[in-house]
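Participant: The structure under discussion is supplied below as structure tokens; questions concerning it will follow.
The values are calculated or read from the model by the stated rules, or taken from the named source; none is laboratory data. All values reported here derive from a predicted model rather than from experimental measurement. Don't worry about glycine lacking a Cβ; one is built from the backbone with ideal geometry, like all the others, and counts go over all protein chains shown. Surface areas here come from the heavy atoms of the whole protein model, side chains and all, with no ligands, DNA or RNA. Shrake-Rupley method; radii C 1.70, N 1.55, O 1.52, S 1.80 Å.
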Amino acid sequence: MLKLNNVEVIYDGVILVLRGISIEVEVGSITTVLGANGAGKSTTLKAISGQLKAERGEVTRGTVEFEGARIDHLQAHEAVQMGIVQVFEGRRVFEHLTGEENLIAGGHIVSTPVMKRNMELVYEYFPRLYERREVQAGYLSGGEQQMLAIGRALMSDPKLVMLDEPSLGLAPMIIEEIFGIITKLNEQEKTTFLVVEQNATLALNLAKYGYVMENGAIVLEGNAAALKENADIKEFYLGISSGEKKSFRDVKTYRRRKRWLG
Amino acid sequence: MEWQFFVELVTNGMLTGLMYALVAVGFVLIYKSTDAINFAQGEFCMIAAIVVAGAIKLYGFPVWVAIGTGLLFMLVFNWGLERVVLRPMIGRPVVAIIMATIGLALMFRGLGPLVFGAETRPIPLPIPDQPIIWGPFFMAPIDVLGAVISIGFMAVFGWFFMKSRKGVAMRAVADSHQVSMAMGINVERYFVLAWMLAGFVALLGGLVWGSAIGVDTQLAALGLKVFPVVILGGLDSIVGVIVGGIIVGVVEAISAGYIDPFVGGGTKDFTPYVLMILVLMVRPYGIFGKPIIERI
């Protein structure tokens with residue numbers, strides 16, 4: 001469905017952020033991209049959703065293909081027309097609009113009857129949003145805002161929903177609820193998800209396939225189950241060590257090993 | 001008849017205030033959708049009025065045809081302005097856009113008379129000259145017409161903005177350009193829409209003010225004149241514009257009626273600003289402006 005082929009992204013004409021990454025997302029799947037701060041995860045999503053231009057970034061090499069068509073030079077609103085929608089990191093709801101108006105804005109590109117139907121669907125999956133629909137979104141709780149951001153993304157009948165760190169700053173119970181709904185949406189509505197996360201445990205439990213990014217490159221990829229068993233992933237992302245305590249010197253060798261992987 | 005004098009001041013102040021609101025809503029329109037303050041709104045009114053008055057005077061157009069010409073001109077004019085001047089500034093700091101509008105304002109003030117002549121021209125709307133006397137109320141027909149147009153526009157525009165899907169999208173654009181784009185909203189198209197609406201309301205403002213006080217470059221001063229209205233009401237509130245307009249109109253009328261005789265005149269020119277400063281001390285975002293939402 002979605003295919004990034006050796007994509008390189010440069011900001012401001014000089015800052016190299018993505019150094020030739022290749023990612024593939026299958027129809028109906030949940031795929032995750034893991035990585036630390038600054039690895040280039042958000043940039044990857046922006047390269048797909050056409051948001052780079054607003055930040056003076058550009059795909060300088062490689063291709064982004066969606067359902068067989070090149071999309072790496074589309075504008076953001078055109079990408080939405082193609083069926084790609086991005087949920088930003090930090091939720092980014094329209095604060096001064098009510099919850100319901102946020103949803104209406106999210107369904108901007110579909111006809112009114114479709115918009116109404118989608119709204120019902122969103123309320124079905126997120127009953128809390130229905131209860132709070134008249135409240136200005138800025139005053140919703142963090143969890144509600146995240147639900148609203150995801151619900152709003154669903155309003156445009158997307159084929160691919162990209163979530164940028166949906167667990168950021170939320171309580172574990174809320175995260176569990178939201179990730180449960182994502183799984184349900186994937187199973188029942190056949191929505192494809194591409195999820196960027198720092199929380200590897202969460203992401204690998206949610207996704208079927210995963211990529212690990214470091215310094216703007218993919219260093220590791222595989223089935224989520226296999227990644228969970230990978231020694232490096234366990235060590236660096238899951239925080240599971242083999243038992244005995246590590247000295248700082250050992251940590252340094254891991255650093256070396258990681259670089260070698262890249 | 002002391003109370004009659006007071007009633008007269010208040011009614012006329014309210015009517016004038018509603019006419020102010022008609023100009024002020026142009027600021028709100030642009031601010032709500034682009035987050036910038038358009039200091040050329042007064043000049044837009046002036047240009048609209050000059051075109052209408054010029055079409056009547058120089059080409060002998062009937063009034064309605066002249067108004068139609070003015071409308072067409074303003075829509076095309078503001079569309080072009082958005083394309084040529086303002087679109088390249090998208091993504092730049094808001095201050096840059098504000099400075100650009102100030103530049104435009106000065107340019108128009110110079111170019112208007114150059115193209116259409118500097119004499120004061122009338123816009124002869126087909127309404128009676130005799131004041132309307134209704135019980136203790138004593139009103140100029142043009143003021144009444146202006147107030148009616150103002151309320152009518154606010155009602156229609158308010159509905160559009162608050163209830164229609166396009167209005168919701170417009171407010172979404174004002175909230176965040178980036179996120180709106182990610183919703184599939186063509187942000188640039190909504191900018192154009194906002195500027196064309198500002199052109200339309202400038203025509204209305206230019207018409208009523210032009211026929212009330214005559215058409216020349218003095219009309220452009222309306223822009224600054226209504227600034228207390230905009231600030232009082234809150235830069236982004238339609239209700240605020242109406243309330244702010246009425247408050248400023250009434251305060252002006254009352255200070256002209258009661259204070260001027262003692263000090264020799266001129267107080268109505270600055271009392272609105274005094275009021276504006278007082279309001280800003282208590283509510284920095286205006287009476288109806290949106291507070292900055294901070295989640296703690």
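Participant: Pick from A:207, A:231, A:79: which is most flexible by mean-square fluctuation in a GNM of chain A where alpha carbon atoms under 10 Å apart are linked?
Facilitator: With Cα springs under 10 Å in chain A, the top fluctuation among A:207, A:231, A:79 is at A:231.
Participant: Ok, one more. Looking at B:22, B:42, B:104, which one has the Cα that reaches farthest to the positive end of the dipole of the range B:1-136 (charges on Cβ: Lys, Arg +1; Asp, Glu -1)?
Facilitator: B:104
Participant: With charges set only on the Cβ (+1 for Lys and Arg, -1 for Asp and Glu), what does the dipole of chain B come to about its Cα centre, in debye to the nearest 20? If you can, show how the numbers build up before the last one.
Facilitator: On the way: 17 positive and 16 negative charges, 212 e Å.
About 1020 debye.
Participant: Provide a list, ordered by number, of residues in the range B:149-169 showing at least 50 Å² less accessible area with every protein chain present than when their chain is taken on its own, using a 1.4 Å probe.
Facilitator: B:165, B:168
Participant: Net charge around residue A:40, counting only other residues with Cβ within less than 9 Å of its Cβ (Lys, Arg = +1; Asp, Glu = -1)?
Facilitator: Working: positive: A:19, A:41; negative: A:214.
Local net charge: +1.
Participant: Something else: What's the Kirkwood radius of the range A:92-158 in Å, using all Cα pairs?
Facilitator: 11.3 Å
Participant: Further question: Run the simple label-point estimate for residue A:130 and residue B:259 please: 7 Å along Cα→C-beta, distance reported in nm.
Facilitator: According to this spin-label approximation, the distance is 5.7 nm.
Participant: Relative to a virtual label point 7 Å from the Cα of residue A:226 in the Cα→beta-carbon direction, which members of the range A:1-41 show backbone nitrogen distances below 20 Å?
Facilitator: The answer is A:1-6, A:21-35.
Participant: Something else about it: Provide the percentage of antiparallel DSSP beta bridges, counting only those with both residues in chain A; round to the nearest 5. Could you put the intermediate results ahead of the total?
Facilitator: Working: 25 of 44 bridges.
If I count the DSSP bridges inside chain A, around 55 percent turn out antiparallel.
Participant: Which listed residue (B:51, B:117, A:52) has the Cα farthest towards the positive end of the charge dipole for the protein assembly as shown, taking +1 on Lys and Arg C-beta and -1 on Asp and Glu C-beta about the Cα centre?
Facilitator: A:52
Participant: While we're looking at this one, here's another question. Put a dot 7 Å past each Cα toward the Cβ at residue B:129 and residue B:165; how far apart are the dots in nm?
Facilitator: 5.3 nm
Participant: Which whole number of Å³ per residue matches the convex hull of the alpha-carbon atoms in the protein assembly as shown?
Facilitator: Numbers: hull volume 108.5 nm³, N = 558.
Normalising the Cα hull of the protein assembly as shown by residue number yields 194 Å³.
Participant: Here's another thing I want to ask about it. Please compute the per residue accessible area over the protein assembly as shown with all protein chains in place, 1.4 Å probe, rounded to a whole number of Å².
Facilitator: Solvent-accessible surface per residue comes out at 45 Å².
Participant: Now for a separate question. Which of B:85, B:144, B:192 moves most in a GNM of chain B, Cα contacts under 10 Å?
Facilitator: Greatest mean-square fluctuation among the candidates belongs to B:85.
Participant: So what is the relative contact order of chain A, in percent, for Cα pairs below 8 Å that sit 6 or more residues apart?
Facilitator: Dividing the mean separation by the residue count of chain A yields 24 percent.
Participant: To the nearest 100 Å², how much accessible surface do chains B and A cover up together, summed over both, with a 1.4 Å probe?
Facilitator: 2600 Å²
Participant: Taking all protein chains in place and a 1.4 Å probe, what share, in percent, of the accessible surface of the range A:7-88 do carbon and sulfur account for?
Facilitator: Exposed carbon and sulfur together represent 47 percent of the surface.
Participant: Take every DSSP beta bridge with both residues inside the protein assembly as shown and express the antiparallel ones as a percent of the total, to the nearest 5.
Facilitator: Looking only at bridges with both residues in the protein assembly as shown, the antiparallel portion is about 60 percent.
Participant: On a 0 to 90° scale, report how tilted helix A:112-125 is relative to the longest principal axis of chain A, with both axes built from alpha carbons and the result rounded to the nearest 10.
Facilitator: Approximately 60 degrees, to the nearest ten.
Participant: Projected onto the charge dipole of chain B (+1 at Lys/Arg Cβ, -1 at Asp/Glu Cβ, origin at the Cα centre), which of B:86, B:138, B:241 gives the Cα projection farthest towards the positive end?
Facilitator: Selected residue: B:86.
Participant: Same structure, new question: Only four residue types carry charge here, +1 at the Cβ of Lys and Arg and -1 at the Cβ of Asp and Glu. Report the dipole size of the protein assembly as shown about the Cα centre in Debye, rounded to the nearest 20.
Facilitator: Using Cβ point charges on Lys, Arg, Asp and Glu, the protein assembly as shown gives about 1260 debye.
Participant: Let me ask another. For peptide A:148-158, how many partner chain Cβ atoms fall within 10 Å of a residue's Cβ, on average?
Facilitator: Partner-chain Cβ atoms within 10 Å, mean over residues of A:148-158: 1.
Participant: List the trypsin sites (Lys or Arg not before Pro) within the range B:200-296 that fall in a DSSP loop (any state other than H, G, I, E or B) and whose Cβ has at most 14 other Cβ atoms within 10 Å. Mind showing how you got there, number by number?
Facilitator: Numbers: sites: B:225, B:268, B:295; in loops: B:295.
The qualifying sites are B:295.
Participant: For the range B:1-133, what class follows from the C-alpha gyration tensor (a ≥ b ≥ c being the square roots of its eigenvalues): rounded when a/c is under 1.5, otherwise prolate if a/b is larger than b/c, else oblate?
Facilitator: The shape class here is oblate.
Participant: For a quick check, take a GNM of chain B with Cα springs below 10 Å and name the residue from B:227, B:27, B:137 with the largest mean-square fluctuation.
Facilitator: Among B:227, B:27, B:137, the largest mean-square fluctuation in the Gaussian network model of chain B belongs to B:137.
Participant: In addition: Give the lysines reachable from residue B:268 as a straight Cα distance under 18 Å; neighbours fewer than 8 places away on the same chain don't count.
Facilitator: B:225
Participant: Evaluate E = 1/(1 + (r/R0)^6) for residue B:137 and residue B:2, where r is the Cβ-Cβ distance and R0 equals 25 Å; express this FRET efficiency to the nearest 0.05.
Facilitator: Using R0 = 25 Å, I get an efficiency of 0.95.
Participant: Okay, moving on. Select from the range B:173-188 all residues whose loss of accessible area on going from the chain by itself to the full protein assembly reaches 40 Å² or more (probe 1.4 Å).
Facilitator: Buried by 40 Å² or more upon assembly, which counts only protein chains, are B:175, B:178, B:179, B:181, B:182, B:183, B:184.
Participant: If you don't mind, another one. On a straight-distance basis, which aspartates and glutamates could pair with residue A:46 in a cross-link, Cα separation under 12 angstrom, same-chain partners fewer than 8 positions away excluded?
Facilitator: Cross-link targets: A:55, A:58, A:72, A:89, A:164.
Participant: Got a number for carbon plus sulfur as a percent of the range B:1-85's accessible area, 1.4 Å probe?
Facilitator: The C+S portion of the solvent-accessible surface of the range B:1-85 is 74 percent.
Participant: Please report, in debye to the nearest 20, how large the charge dipole of chain A is about its Cα centre when each Lys and Arg carries +1 at its beta carbon and each Asp and Glu carries -1 there. Before the final figure, lay out the partial values.
Facilitator: Values: 31 positive and 34 negative charges, 193 e Å.
Charge dipole, chain A, about its Cα centre: 920 debye, nearest 20.
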